[in-house]
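Every number in this text was worked out from the coordinates using simple rules, so none of it is lab data. Computed from a prediction, not measured in an experiment: that's the story for all the values here. A quick note on method: Cβ atoms are made from the backbone with ideal geometry, for glycine too, and the neighbour counts reach across all protein chains shown.
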Amino acid sequence: MLHLAARSAWNRRGTLSLVLLSIALATALLLSLEGLRRDIRASFAQAVSGTDLVIGARTGPVQLMLYAVFRVGGATNNISMDSVRAVAAHRAVAWTVPLSLGDSHRGYPVLGTTVAYFEHFAYGDRQRLAMAEGRPFSGTLDGLYEAVIGAEVAQSLGYRAGTRLTLTHGMGGDLAAEHADKPFTVVGVLERTGTPVDRTVHVSLQAIEAIHLDWAGGARLPGLRIGAEDARKFDLEPKQVTALLVGLKSRAAVFAVQRHVNSHPGEALMAVLPGVALDELWEVVGLGERALLAISGLVALVSLAGLVAVVLAGLNERRRELAVLRAVGAGPRHVLVLLALEGMLVTLAGALIGAAATAAAVVAAGPWLQQQFGIGLQAATPAAGQWLLFAAVLVAGMLASLVPGWRAYRLSLADGLSPRT
Amino acid sequence: MRPGPPCPQHNLLVLEIRDLRYAWPGTAGDCLAIDALTLEAGRSVFVHGPSGSGKSTLLGLMAGVLLARAGRVSLLGQDWAGLPAGARDARRADLVGVVFQQFNLLPYLSVLDNVLLPTRLCAARARRCQPAPAPAAQALLQRMGLPAPLWTRRADALSVGQQQRVAAARALLGRPALLIADEPTSALDAAVRDDFMDLLLQQCRDSASALVFVSHDERLAARFDERLSLPQLNRCRAPE
C-alpha cells in the first residue's frame, strides 16, 4: 500500500510538489518563529546576571532594562551623580557600576563606565567578562582615550588592540557629528559573551565628559575648540549618568533598597529587578509572539487546505484508478488508506523539508542575526516547542488527509467497478 | 501441489443467479431483475445489450462490488450477500478477474507490476501461481504476445491493444474461477480485436476460468459457448 501510494503520488509529482512546497514553507515559518522566540528570550535572559537592581530615571521598568542592558532605545532622563553616590552609600549595597550611553561608533553603542564594570558585570550563569586580548581601560587621566571593545565589534570591524577609532555623537546616521578631534585607542578586546556586551565600545565616564566638553545640547559649541590634550585639564568628573547597576551584599535586602531608591528625595529614580522587568517584557512581547504564531498556524492550515483541495481535485480523474484497485481486490478501506497515505506522505515530506530549511536558514542567517541584533541562534537543538509544532503539523496533515480518503471511500463504494465520470 | 481453494473443474457451478433484484441506491424501482442465470467452470457466455441496459451493473453484482436487493448471486456456492464487505473484497481478489473497456492499468506501475497487482493483495491467489507469481506472470505475458522488453516499461507507454492484453493477463493470473470482461474490445480496431479475442478465450479455456463477456458488438457472439441478451433476460423495463 505504501509502495502504491508513493508510486501514485510520484506520478502526480508536479501538482503535489507545489503543495509540498507550501507545507514546507509553513513548517519552516512555524519552526523558525518558535526557534527565534526561544533564542531571543534566551539571549535576553543571558544578558545580565548577578546584578540585583538596575537604577535609572523614573520611566517604565521595561524601557529602563531595554536601554540600560540591551542598548535598545534611549533614556529620557539621566540621573545625577549625587543620587549615584547616595545609592552607593547605602549599607546594603556592595557595588555600583554607572552606565553612560548616547554615543556610538559605526553603529555600535558606546558605553561610558568605570573599571568596576569589568570587575562586577556578569552575564549568563554569573560569568565574568574576560579579556580576549589586551586589558581593561585604566580609568586614569593618562588612559583617558582608551577603549575596550566587544568581540562582535572587533570581529566585524577587524579591530584589535592598538586600533584607533573616533566616536560619533548620538546613534549615528547621515548628519551625525563625529568626535573626530578626540580619537580613542583600543586597549582591550573582550571574549565573546553572546550578549549586547559583544556589540559595545566601552570607554571611561571621564572620556565621555571629555569629548562633550565643547558640546551643548547635541551640537558643537561654535567657536569653542578644546583639544584632546587640553581636555585633561578640565574637571572631567561626570555630573550625571544614564543608569546604574547595583549589586547587594545580600539579596534579601533587594526590596528594601528598591523602596529606598524609589523614594529617593530630590530626584525621581526608579530601581527595577532585572528578572521582574524581563518578565514584564515577555508579557508585552508575548502578545505579538502569540499573534505571529497564530498567523503561522493559519498559514499552515491554508497549506493543508491546499493539500486537501489538490488531492480532492485529482480524485475525479483517479476514479478509474480506484476502480482498477477495486477490481483486483482492494476494498474501499484500502482506497481510504491509499488516499490518506498519500496526504500523509506529502505532509511528512513537506514538514521534513521545512525543518531542514529552518536548520539551514539558522546556519545561514545566524551570523548575521548575531551581528545585527546580538541574538545567538541555536541550530543544533530543536526546542520542545519546535517538536510540538512539528508534531502538530504532522497530525493536522494526517487529519486533513482523511478528508480525500473518506471521499474516495464513498466514491469507490458508489462506483463499484464502473466509475460514472 | 499445495492444497488451495477448490480447483475450478468442468461441470462445477461457478456462478449462480437466482431471483436477482437490484435497484440503484436512491431510486424507487428495480433496474435489474434476473430470475436465473448459471455458468459452469471453463464455459464462456456472451452478454449483449445496448448502453444503459444494466450490463455494468450486472458485472458489479457478479464481482460482489454491488449487492442485490433480493435474490442470490453466488460464486462457487457462496452468496455475495452473505459475506461482510472485507470478506467480499478478499474473495474477489482471490477468485475473480476483471477486464474493463479501457484504462485497466495503473499508469505509474510497470507492466509486470500491474499484472502482479492481484497477487500482492491476495495471498491465496499468489499461492496458486506455479511456481511463483513473477514467473507465472511472465509466462502469461509471453503467451499473450507481450515479449520481455515490454515488461519493465510503464503501463501507459504501451498501445491500447497491448494494454488490453496486459489487463487480460492480470485478470487471468492465478487462474481465477470467474473472469469478467466489460466491453474489452470496444477500443480496439478489428485486427487487434480478433487477436485479443483468440488469446482471451484460449487462456480462459487453459485455466478453466468461466468467462462472462459483455459487449454490444454481436459479431463476437459466435465465439462463445452461450449468448444472452440482457434486455430479454432482464425482466425490468430498462430505464429511459
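Here are a few things to note about the model shown:
- Descending semi-axes in whole angstrom, ellipsoid equivalent of the range B:94-240, from the Cα gyration tensor: 26, 18, 14
- Restricting the calculation to Cα atoms, every distinct pair contributes to the Kirkwood radius of the range B:1-108, found to be 15.3 Å.
- Peptide-level mean, for B:113-126, of C-beta atoms on other protein chains within 10 Å: 3
- Ranking of A:118, A:184 by count of other Cβ atoms within 10 Å, fewest first: A:118, A:184
- Projecting the Cα atoms of A:101, B:36, A:304 onto the dipole axis of the protein assembly as shown, where Lys and Arg carry +1 and Asp and Glu carry -1 at the beta carbon, places B:36 farthest toward the positive end.
- Peptide packing for A:340-351, A:302-313 was compared via the average number of neighbouring C-beta atoms within 10 Å per residue; ordered from the highest value, the list is A:340-351, A:302-313.
- Only Lys, Arg, Asp and Glu carry charge here, each on its Cβ (+1 for the first two, -1 for the last two); on that basis the protein assembly as shown has a dipole of about 2140 debye about its Cα centre.
- Viscosity 0.692 mPa s, temperature 37 °C, Stokes-Einstein D of the range A:286-345 from Kirkwood C-alpha radius, µm²/s: 240
- Under 28 Å from the Cα of residue A:233 - lysines, other chains or at least 8 residues apart: A:182
- Which of A:100, A:412 has the fewest Cβ neighbours within 10 Å, and the rest in rising order: A:100, A:412
- Charge tally for residue A:404 (other residues, Cβ to Cβ under 11 Å; Lys, Arg +1; Asp, Glu -1): +2.
- Note on chain A: helix-only mean residue ellipticity at 222 nm, from DSSP H runs of 4+ residues weighted -39500 (n - 2.57) and normalised by residue number, equals -17000 deg cm²/dmol.
- Nearest 10 degrees, 0 to 90: helix B:160-172 Cα axis against chain B principal axis: 80
- Proxy reagent accessibility, fewest Cβ within 10 Å first, across A:195, A:27, A:168, A:76: A:76, A:168, A:195, A:27
- Only one residue of A:145, B:13, B:185 has its Cα farthest out toward the positive end of the dipole of the protein assembly as shown, where Lys and Arg carry +1 and Asp and Glu -1 on Cβ, and that residue is B:13.
- For chain A, relative contact order (Cα pairs under 8 Å, six or more residues apart, normalised by length) works out to 26 percent.
- Cα centroid separation, the range A:298-327 to the range A:48-81 (Å): 57
- About the Cα centre, charge dipole magnitude for the range A:46-184 (Lys/Arg +1, Asp/Glu -1 at Cβ), debye: 240
- In range of the label at residue A:128: residues from the range A:190-211 whose backbone nitrogen is under 18 Å from the point 7 Å along Cα→Cβ: A:190-193
- Kirkwood-based Rg to Rh ratio, the range A:141-243, C-alpha trace: 0.97
- Secondary-structure-derived ellipticity at 222 nm for chain B, considering helices only, amounts to -10000 deg cm²/dmol, per-run term -39500 (n - 2.57) for DSSP H runs with n ≥ 4.
- Residues residue A:191 and residue A:166, FRET efficiency given R0 of 25 Å [Cβ-Cβ distance, rounded to 0.05]: 0.50
- Modelled FRET efficiency - R0 45 Å, residue A:140 with residue A:283, Cβ distances, 0.05 increments: 0.50
- Residue-averaged beta-carbon neighbours from other chains (10 angstrom radius) around B:169-176: 1
- Here each label is just a point 7 Å from Cα along the line to Cβ, and for residue A:232 and residue B:81 those points are 11.4 nm apart.
- Gyration tensor over alpha-carbon atoms, the range A:1-121, equivalent ellipsoid semi-axes in Å: 54, 15, 12
- Peptide B:63-76 shows a mean partner chain C-beta count of 2 within 10 Å per residue C-beta.
- Here r is the Cβ-Cβ distance between residue B:154 and residue B:216 and R0 is 41 Å; the resulting FRET efficiency, rounded to 0.05, is 0.85.
- Considering only A:33, A:224, A:352, the mean-square fluctuation computed in a Gaussian network model of chain A, springs between alpha carbons under 10 angstrom, is largest for A:224.
- Cα centroid separation, the range A:19-42 to the range A:88-117 (Å): 37
- Cross-link reach is defined here as a Cα-Cα straight distance under 18 Å, omitting same-chain residues fewer than 8 places apart; for residue A:239 the aspartates and glutamates meeting it are A:82, A:103, A:209, A:214, A:267.
- Which of A:245, A:282, A:3, positive extreme of dipole for chain A (C-beta unit charges): A:3
- Of the Cα atoms belonging to the protein assembly as shown, the radius of gyration and Dmax stand at 41.8, 126 Å.
- Choice from B:166, B:192, B:14 with maximal GNM fluctuation in chain B (Cα, 10 Å cutoff): B:192
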